[in-house]
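Student: Once you've had a glance at the structure underneath, I'll fire off some questions.
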Amino acid sequence: MNGMEMNVHYFRMINDLGKQYPALNPVFFVIAEYTVYVLALIALLYWFSRKQENRIMVICATITFVLAEVLGKIAGTLHYNAQPFAELTDVNQLVFKAVNNSFPSDHTMLFFSFCITFLLFQKTRGILWIPFAIVVGISRIWVGVHYPADVLVGALISIGSALAVYMLVPNLRIVQAGLELYEKAERAVLPAKAKTKGY
């Protein structure tokens with residue numbers, strides 16, 4: 001069995017579960033399409049906790065995703081495959097979208113960029129983020145828009161990017177200076193807002 005045959009084989013194993021257990025299709029549809037808003041809310045909550053470590057973590061997660069996206073685009077120039085629903089027959093397709101290069105998975109890179117970064121900063125308790133990212137990656141296969149290789153490569157790119165960013169970015173003076181400038185502006189603005197509530 002060559003690489004593409006294995007890719008299709010494991011895609012069928014996961015995607016066909018939607019035919020065997022159709023009651024789970026709405027769950028995986030929501031995970032595949034809407035957990036991005038949950039991730040955005042989590043990042044905002046960390047940011048507005050006003051703890052410097054949390055803000056550095058969110059900055060690193062954002063930079064990790066940008067780096068992963070750049071590397072993902074490069075990977076996409078080296079390999080092309082359309083979404084499984086466009087190349088295969090009898091796909092359990094729950095998400096409808098334009099046909100383009102699905103390699104690697106942008107959704108997977110987004111979630112692994114943030115979740116691996118959260119793990120690196122939060123150590124032991126951060127391990128809970130990993131199942132979250134994995135389930136999102138599996139959901140993209142379940143709904144028919146990505147092959148397992150799209151998800152796996154997206155995850156690996158993000159893991160490598162997260163490790164590099166974690167080692168380099170937190171100690172950069174420009175990051176510290178930028179955050180200090182933001183927090184100075186925040187302290188100046190928030191008390192002014194609080195005063196207006198007294199009128």
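Student: Go through the stretch 54-93 residue by residue and tally those that are in contact with a helix residue (DSSP H, G or I) (Cβ under 8 Å, 6 or more places away or on another chain) and more than 29 Å from Leu44 (Cα to Cα).
Tutor: Summing the residues that are in contact with a helix residue (DSSP H, G or I) (Cβ under 8 Å, 6 or more places away or on another chain) and more than 29 Å from Leu44 (Cα to Cα) in the stretch 54-93 gives 7.
Student: Is at least one residue of the stretch 145-163 assigned to a helix (DSSP H, G or I), over 28 Å from Ala75 (Cβ atoms) and of a type in the set (S, T, N, Q)?
Tutor: no
Student: Name the residues in the stretch 166-193 that are at pLDDT below 85 and of a type in the set (Lys, Arg), would you?
Tutor: Residues satisfying the conditions are Arg187, Lys193.
Student: Can you tell me which residue within the stretch 74-101, out of those that are of a type outside the set (A, V, I, L, M) and closer than 28 Å to Tyr166 by Cβ, is nearest to the chain's Cα centre (by Cα)? Walk me through it before giving the result.
Tutor: In the first step, residues of the stretch 74-101 are kept if they are of a type outside the set (A, V, I, L, M); the result is 76-77, 79-81, 83-85, 87, 89-90, 92-93, 96-97, 100-101.
Of the ones still in play, those that are also closer than 28 Å to Tyr166 by Cβ are 76-77, 79.
On the way: Gly76: 17, Thr77: 21, His79: 21 Å.
Only one residue fits best here, namely Gly76.
Student: With the checklist (1) farther than 17 Å from Val58 by Cα; (2) over 23 Å from the mean Cα position of the chain (by Cα); (3) among the hydroxyl-bearing types (Ser, Thr, Tyr) in hand, flag the one item Ser105 doesn't pass.
Tutor: Only one criterion in (1) farther than 17 Å from Val58 by Cα; (2) over 23 Å from the mean Cα position of the chain (by Cα); (3) among the hydroxyl-bearing types (Ser, Thr, Tyr) is unmet by Ser105, namely (2).
Student: Could you list, in sequence order, the residues of the stretch 26-57 that are among the small types (Gly, Ala, Ser) and either within 14 Å of Phe132 (Cα to Cα) or touching a residue at least 60 places away in the same chain (Cβ under 8 Å) (or both)?
Tutor: Ala32, Ala40, Ala43
Student: Additional query: Among the residues of the stretch 108-132, write down those that are at pLDDT 95 or above and either surrounded by 24 or more Cβ atoms within 10 Å (Cβ to Cβ) or on the phi > 0 side of the Ramachandran plot (or both).
Tutor: Selection gives Thr108, Met109, Phe111, Phe112, Ser113, Phe114, Cys115, Ile116, Thr117, Phe118.
Student: Can you confirm whether the stretch 50-70 contains a residue that is in contact with a Lys or Arg (Cβ under 7 Å, 6 or more places away or on another chain), surrounded by 12 or more Cβ atoms within 10 Å (Cβ to Cβ) and part of a helix (DSSP H, G or I)?
Tutor: No, that holds for no residue.
Student: Which condition does Ala98 not pass, out of (1) among the hydrophobic types (A, V, I, L, M, F, W, C); (2) more than 22 Å from Tyr37 (Cβ to Cβ); (3) part of a loop (DSSP other than H, G, I, E, B); (4) at pLDDT below 95, if it passes all the others?
Tutor: Among (1) among the hydrophobic types (A, V, I, L, M, F, W, C); (2) more than 22 Å from Tyr37 (Cβ to Cβ); (3) part of a loop (DSSP other than H, G, I, E, B); (4) at pLDDT below 95, Ala98 violates only (2).
Student: Shifting gears a bit: Is it the case, given these coordinates, that Tyr80 is closer than 18 Å to Ile141 by Cα and surrounded by fewer than 14 Cβ atoms within 10 Å (Cβ to Cβ)? If you could, list the steps in order and put the result at the bottom.
Tutor: Numbers: closer than 18 Å to Ile141 by Cα: yes; surrounded by fewer than 14 Cβ atoms within 10 Å (Cβ to Cβ): yes.
Judged against the criteria, Tyr80 is a match.
Student: Same structure again: Got at least one residue in the stretch 15-29 being at pLDDT 95 or above, more than 18 Å from Val151 (Cα to Cα) and within 14 Å of the chain's Cα centre (by Cα)?
Tutor: no
Student: Here's a follow-up. Applying the selection to the stretch 84-137, what residues are of a type in the set (A, V, I, L, M) and closer than 16 Å to Asn15 by Cβ?
Tutor: Going residue by residue through the stretch 84-137, those that are of a type in the set (A, V, I, L, M) are 86, 88, 91, 94-95, 98-99, 109-110, 116, 119-120, 127-128, 130, 133-136.
Listed by number, the residues that qualify are Ala86, Leu88, Val91, Leu94, Val95, Val135, Val136.
The values are calculated or read from the model by the stated rules, or taken from the named source; none is laboratory data. If you're wondering where the values come from, they're calculated on a predicted model, not measured in any experiment. Backbone-built Cβ (ideal geometry, glycine too); neighbour counts: all protein chains shown.
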